[in-house]
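Please see the structure below; I have some questions.
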Amino acid sequence: MSGAALAKAHVSAADPDRRAWVAWAISRLEADVNRSADTHLIKLDLPRAPGISLYLKDESSHPTGSLKHRLARSLFLYALCNGWVGPETTIVESSSGSTAISEAYFAKLLGLRFIAVMPRTTAREKIAAIEFHGGKPHLVDRGDVSGEAEKLAREIGGHFMDQFTYAERATDWRGNNNIAESMFAQLSHEDRPVPDWVVCGAGTGGTSATIGRYIRYRKFPTSLCVADPESSVFHRHYAERSVHRVECCDSVIEGIGRAKVEASFVPDLVDRMIAVPDAASIAAARMTSALLGRACGGSTGTNVWACLKIIEEMKAAGQEGTIVTLLCDSGERYRSTIFNDAWLAERGLDLADPHARLEAVFRRGLSELCSAAEEADCALRDAWLTPSSSSHEGCLWE
Ligand SMILES: Cc1ncc(COP(=O)(O)O)c(C=O)c1O
């Protein structure tokens with residue numbers, strides 16, 4: 001039976017037709033991943049920190065543009081193999097946008113309806129991307145977005161995917177080209193093939209759980225650092241396990257930081273947490289964008305700021321070593337927010353101080369970049385970096 005014909009059949013979980021559809025759906029997911037190459041590992045020069053290497057695992061190069069592509073695929077496979085999803089199932093998810101974009105892509109691939117329950121404040125570029133992939137946004141005022149998604153799924157008889165519960169268990173942490181296996185394999189030909197630190201953020205906590213388990217399983221001495229927005233509960237919970245909630249997490253960095261400790265966050269796998277102010281995340285996102293010549297999202301900036309802190313400490317202690325972090329998604333998704341100076345000014349976000357601290361580690365690299373570049377390219381670089389610039393028209397993404 002063809003996928004389309006199977007998708008029309010309404011059957012129970014044990015029904016052979018439904019089993020055949022599940023087999024077809026899994027084959028489609030396997031064929032899809034087989035058409036993709038792995039994401040890149042990019043080395044950033046640190047001329048002011050000799051002996052320290054910094055790498056970015058570029059998860060923006062997935063077909064749906066973020067690290068959530070891996071998670072969405074794992075969640076679909078998990079739901080299919082658990083018998084939770086059939087050809088008539090509507091998928092419902094709670095998301096800050098990135099997971100929903102990736103799930104919309106996979107739902108479309110399998111011919112399933114998809115509804116994304118998201119905060120009303122979600123960047124409009126992300127909402128447009130969900131609609132592009134055929135998903136239906138369902139915007140709610142901040143509060144219990146997951147509760148809303150669960151309720152909606154119940155009402156319509158759909159399946160609540162629930163990334164915040166299942167992220168840590170849906171991914172095969174032993175391997176299967178998970179993010180950790182991929183980055184360690186890509187480092188294997190470098191001068192220092194085993195990193196001292198891996199730095200990532202936590203939204204569900206799934207990525208940090210996968211990396212933390214993989215490090216232990218492969219017996220690497222690597223430490224795991226989670227970079228967390230200042231207003232998030234995760235670092236408070238890490239310091240004091242009885243803290244499970246803050247009144248609100250008002251960070252403007254989308255995708256990471258939560259008001260409630262989610263089931264998928266596993267603090268025992270984390271060696272260190274660094275709290276990052278939003279202005280520092282945005283300044284670091286702009287600095288990284290300038291270094292790469294393309295825009296990176298805010299959570300990438302949070303990661304890079306935490307790396308900067310570790311680099312400063314290593315430098316001060318006279319240590320050499322390697323740090324790997326994640327380029328989570330493209331800044332294209334945040335043109336109207338963190339790359340818009342008027343938007344920053346409205347929120348009182350001043351990038352001057354973090355910008356100066358970043359320059360102390362990254363600047364010479366930029367100067368060298370600029371001396372080799374045309375005058376116009378320097379203007380582009382300044383457009384990414386200068387906090388007072390009023391717009392980014394004419395930048396690389398235009
Ligand atoms: C852009 C972005 N970066 C990082 C993360 C954190 O990843 P995880 O959910 O695996 O903790 C998310 C989560 O939604 C995200 O959207």
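The values are calculated or read from the model by the stated rules, or taken from the named source; none is laboratory data. On a predicted model such as this, the values are computed, not experimentally measured, just so you know. Here the Cβ is made from the backbone with ideal geometry for all residues, glycine too, and neighbour counts use every protein chain on show.
Looking only at region 231-250, how many residues end up being within 16 Å of the ligand (Cβ to nearest atom) and either crowded, with 23+ Cβ neighbours inside 10 Å or not hydroxyl-bearing (Ser, Thr, Tyr) (or both)?
Number satisfying all stated conditions: 6.
Please enumerate the residues belonging to region 20-54 that are under 16 Å from the mean Cα position of the chain (by Cα) and either among the aromatic types (Phe, Trp, Tyr) or within 16 Å of the ligand (Cβ to nearest atom) (or both).
Thr39
Quick check: is even one residue across region 238-245 in contact (Cβ under 8 Å) with a residue 40 or more places away in the chain and either assigned to a loop (DSSP other than H, G, I, E, B) or not small (Gly, Ala, Ser) (or both)? If you could, list the steps in order and put the result at the bottom.
Step one: of region 238-245, the residues in contact (Cβ under 8 Å) with a residue 40 or more places away in the chain are none.
Within region 238-245, not a single residue is in contact (Cβ under 8 Å) with a residue 40 or more places away in the chain and either assigned to a loop (DSSP other than H, G, I, E, B) or not small (Gly, Ala, Ser) (or both).
Okay, next question. Taking the stated definitions as given, is Ile310 among the aliphatic types (A, V, I, L, M), buried (at least 22 other Cβ atoms within 10 Å of the Cβ) and over 17 Å from the mean Cα position of the chain (by Cα)?
Numbers: among the aliphatic types (A, V, I, L, M): yes; buried (at least 22 other Cβ atoms within 10 Å of the Cβ): yes; over 17 Å from the mean Cα position of the chain (by Cα): yes.
Yes; evaluated as a whole, the condition is true for this residue.
Please specify each residue of region 58-74 satisfying the condition of being outside any loop (DSSP other than H, G, I, E, B) and within 12 Å of the ligand (Cβ to nearest atom).
Step one: filter region 58-74 for residues outside any loop (DSSP other than H, G, I, E, B), giving 58-61, 66, 68-74.
Across region 58-74, the qualifying residues are Glu59, Ser60, Ser66, Lys68, His69, Arg70, Leu71, Ala72, Ser74.
Do we have any residue at all in region 152-162 that's within 18 Å of the chain's Cα centre (by Cα), crowded, with 19+ Cβ neighbours inside 10 Å and of a type outside the set (A, V, I, L, M, F, W, C)? If you could, list the steps in order and put the result at the bottom.
Within region 152-162, the subset within 18 Å of the chain's Cα centre (by Cα) is 161-162.
Still in the list and also crowded, with 19+ Cβ neighbours inside 10 Å: 161-162.
Narrowing the set further to residues that are of a type outside the set (A, V, I, L, M, F, W, C) leaves 162.
Yes, region 152-162 contains at least one residue that is within 18 Å of the chain's Cα centre (by Cα), crowded, with 19+ Cβ neighbours inside 10 Å and of a type outside the set (A, V, I, L, M, F, W, C).
How many residues are more than 16 Å from the ligand (Cβ to nearest atom) and either without any contact (Cβ under 8 Å) to a residue 24 or more places away in the chain or not in a strand (DSSP E or B) (or both) when one looks only at region 321-335?
Keep residues of region 321-335 that are more than 16 Å from the ligand (Cβ to nearest atom), which gives 321-323.
Retained after the next criterion (residues that are either without any contact (Cβ under 8 Å) to a residue 24 or more places away in the chain or not in a strand (DSSP E or B) (or both)): none.
Selection size over region 321-335: 0.
Related question: What residue, among those in region 262-291 that are in contact with a strand residue (DSSP E or B) (Cβ under 7 Å, 6 or more places away or on another chain) and of a type in the set (A, V, I, L, M, F, W, C), is farthest from Ser95 (Cα to Cα)?
So, considering only residues that are in contact with a strand residue (DSSP E or B) (Cβ under 7 Å, 6 or more places away or on another chain) and of a type in the set (A, V, I, L, M, F, W, C), the one farthest from Ser95 (Cα to Cα) is Leu291.
State which residue pairs qualify: first residue without any contact (Cβ under 8 Å) to a residue 60 or more places away in the chain and inside region 84-105, second residue of a type in the set (A, V, I, L, M, F, W, C) and within 9 Å of the ligand (Cβ to nearest atom) in any location, beta carbons under 8 Å apart, and separation of 6 or more residues or different chains.
Matching pairs, first to second residue: Ser102/Leu71.
Scan region 132-142 and tell me whether some residue there is assigned to a helix (DSSP H, G or I) and either at pLDDT 95 or above or within 16 Å of the ligand (Cβ to nearest atom) (or both).
Yes.
Among (1) free of Cβ contacts under 8 Å to residues at least 60 places away in the same chain; (2) within 16 Å of the ligand (Cβ to nearest atom); (3) outside any helix (DSSP H, G or I); (4) surrounded by fewer than 24 Cβ atoms within 10 Å (Cβ to Cβ), there is one condition Gly318 misses while meeting the rest; what is its number?
Here Gly318 meets the rest and fails (2).
Further question: For residues that are touching a Lys or Arg at 6+ places or on another chain (Cβ under 9 Å) and without any contact (Cβ under 8 Å) to a residue 40 or more places away in the chain, scanning just region 176-191, find the one that is farthest from the ligand (Cβ to nearest atom).
Phe184
Checking Val194 against (1) in a helix (DSSP H, G or I); (2) away from the ligand (no atom under 16 Å from the Cβ); (3) surrounded by fewer than 16 Cβ atoms within 10 Å (Cβ to Cβ), only one condition comes out false. Which one?
Single failed check for Val194: (1).
From (1) in a helix (DSSP H, G or I); (2) closer than 23 Å to Arg120 by Cα, pick out the condition that doesn't hold for Cys249.
It fails just one condition, (1).
Turning to a different aspect of this structure: Would you pick out the residues in region 220-255 that are small (Gly, Ala, Ser) and under 16 Å from Ser299 (Cβ atoms)?
Within region 220-255, the subset small (Gly, Ala, Ser) is 223, 227, 231-232, 239, 242, 251, 255.
Within region 220-255, Ala227, Ser231, Ser232, Ser251, Gly255 meet the criteria.
Here's something else I'd like to know. What number of residues within region 197-228 satisfy the criterion of being within 13 Å of the ligand (Cβ to nearest atom), part of a loop (DSSP other than H, G, I, E, B) and of a type in the set (S, T, N, Q)?
So the answer is 1.
Being surrounded by fewer than 19 Cβ atoms within 10 Å (Cβ to Cβ) and under 23 Å from Gly147 (Cα atoms) is the filter; apply it to region 260-301 and report the residue that is farthest from the ligand (Cβ to nearest atom).
Among those residues, the one meeting the criterion is Lys260.
Still on this structure, I have one more. For region 241-265, which positions are under 27 Å from Arg216 (Cβ atoms) and under 17 Å from the mean Cα position of the chain (by Cα)?
Kept after step one, since they are under 27 Å from Arg216 (Cβ atoms), are these residues of region 241-265: 241-244, 255-258, 260-265.
Once the filter is applied, which keeps residues that are under 27 Å from Arg216 (Cβ atoms) and under 17 Å from the mean Cα position of the chain (by Cα), region 241-265 yields Gly255, Ile256, Gly257, Arg258, Glu262, Ser264, Phe265.
Which one is surrounded by the fewest Cβ atoms within 10 Å (Cβ to Cβ), of the residues in region 42-69 that are of a type in the set (S, T, N, Q) and touching a helix residue (DSSP H, G or I) at 6+ places or on another chain (Cβ under 9 Å)? Before the answer, list the steps.
Within region 42-69, the first condition is being of a type in the set (S, T, N, Q), and the residues that meet it are 53, 60-61, 64, 66.
With the extra rule that they be touching a helix residue (DSSP H, G or I) at 6+ places or on another chain (Cβ under 9 Å), the set shrinks to 60, 64, 66.
Working: Ser60: 26, Thr64: 22, Ser66: 28.
Checked region 42-69; the qualifying residue surrounded by the fewest Cβ atoms within 10 Å (Cβ to Cβ) is Thr64.
Considering only residues that are among the polar types (S, T, N, Q) and more than 10 Å from the ligand (Cβ to nearest atom), which ones fall in region 75-102?
Within region 75-102, Asn82, Thr89, Thr90, Ser94 meet the criteria.
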